[in-house]
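Encoded as structure tokens, the structure appears first; notes follow it.
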Amino acid sequence: MRGAVMHAPGDVRVENRDDPRIEAPTDAIIRLSAACVCGSDLWPYRGIQPLDGPTPMGHEYVGVVEAVGGEVTTVRPGQFVVGSFWASDNTCEICRAGYQSGCVHRVPMGMLGSQAEYLRVPLADGTLVATPEAPPADLIPSYLASSDVLGTGWFAAVAAEAGPGKTVAVVGDGAVGLLAVLAAKQLGAERIIAMSRHESRQKLALDFGATDLVTERGDEGVARIKELTGGLGAHSVIEAVGTQESMMQAIRSTRPSGHVGYVGVTHDVALPGMEMFFSLVHLHGGPAPVRRFLPHLMDLIAARTIDPGKVFDLELPLEEAAEGYRAMDERRAIKTLLRP
């Protein structure tokens, strides 16, 4: 099969890879209908995260089941399915607590590379959720978004306790941050402040439910949030970048008693202990347990209540994956959808 492989920073190639096969009785093989490039894929692309030789890329996926192992009971060949970027059994104590991304048997899907024609999904019964019937083509981008960025943005909003009567601020205007705006809106937030200085992303944030836009960053951004909230800060703040600046901007934009939901993959973030001690701010986040939210999100998509697929502003054939990476790296695209 054909699949995207990163050989070095800035060097993504689509080349022949071995076809996946059933390796355990709990596996499924799916024929991918769509895949995409994630903002976290840009960390190794930019040389910030080291590569250990040529690496298959991709961890977001939707497709049609081709084959299943002998112990798989909840999905069958021919069904359209969505899965999380973590494979999980969905039965262990951690999964039952709603944290499938911490499953005791979890498998990171990124190591299997979903930017390809086919994909092996371990722990298929606990990982994959099938639609009742094959979805119309125009819904496939939204289902793909639910595999990671929508589920991650939703978890961030839940972790930040966004809800009725709350003011929510979102730090980061990538796909996750934008879909966190959508999530906060669906969860009933009264006011949603999107921090963005890019016109196309501002427009999408407003489409998804933002009520205010803040273009300032760092200390100036914090001051602007305080100004908009009577000097107190937001009740709920979502951190969707993963840098030292974005994390501190999020924490300092939160009022005492408030909550920060952080889902940006952190790189060299260090929290100052004394400032944290006196902030009286709750912190919760990490790798999103997307599987917890998938059934609900898929129902919202099927009913056309939400349209998260709007975050894909560039669509390319799989063979042009390298251009999809370049476009996102250069901020010419929010998120690239790849069609195998």
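The values are calculated or read from the model by the stated rules, or taken from the named source; none is laboratory data. All figures in this text were calculated on a predicted structure; none of them were measured in a lab. Methodologically, a virtual Cβ is constructed for each residue, glycine included, from the backbone with ideal geometry; neighbour enumeration extends over all protein chains shown. Quick note on the areas: whole protein, heavy atoms, side chains included, nothing else; ligands and nucleic acids left out. Shrake-Rupley method; radii C 1.70, N 1.55, O 1.52, S 1.80 Å.
Before moving on, here are some points about what is shown:
- Choice from His284, His198, His235 showing the highest fluctuation, given a GNM over the chain with Cα pairs closer than 10 Å: His198
- Percent carbon-and-sulfur accessible area, the chain, ignoring ligands, DNA and RNA, probe 1.4 Å: 51 percent
- Per-pair calculated FRET efficiency, R0 = 35 Å: Met274 and Thr215 via Cβ, rounded to 0.05: 0.70
- Alpha-carbon spread of the range 184-340, three principal axes, descending order, Å: 51, 34, 30
- Cα-Cα over 20 Å, subset of Lys166/Lys226; Lys226/Lys310; Lys226/Lys335: Lys226/Lys310; Lys226/Lys335
- Spin-label pair Ala134/Ala223, simplified geometry with 7 Å Cα→Cβ offset, distance in nm: 5.8 nm
- The ellipsoid that matches the Cα gyration tensor of the range 242-284 has semi-axes, each √(5λ) in whole angstrom, of 17, 12, 8, with the longest given first.
- Segment Arg197-Thr55, extension gain: residue separation times 0.36 nm, minus the distance between their alpha carbons: 47.8 nm
- Trp154 exposes around 10 Å² of accessible area when a 1.4 Å probe is run over every protein chain in place.
- Contour excess over end-to-end distance, with Cα ends at Trp43 and Glu15 and 0.36 nm allotted per residue: 7.9 nm
- Loop-resident sites, the range 292-340, for GluC sites (Glu not before Pro), counting at most 12 other Cβ within 10 Å (DSSP): Glu330
- Looking at the range 144-219, the pairs of alpha carbons with a distance over 15 Å make up 46% of the total.
- Solvent-accessible heavy-atom area per residue, rounded to whole Å², over the chain at 1.4 Å: 41 Å²
- Within the chain, longest stretch free of exposed trypsin sites (Lys or Arg not before Pro) [DSSP loop, at most 14 other beta carbons within 10 Å]: 47-196
- The gain in end-to-end length when the Arg2 to His284 segment is fully stretched comes to 97.7 nm, 0.36 nm per residue minus the alpha carbon separation.
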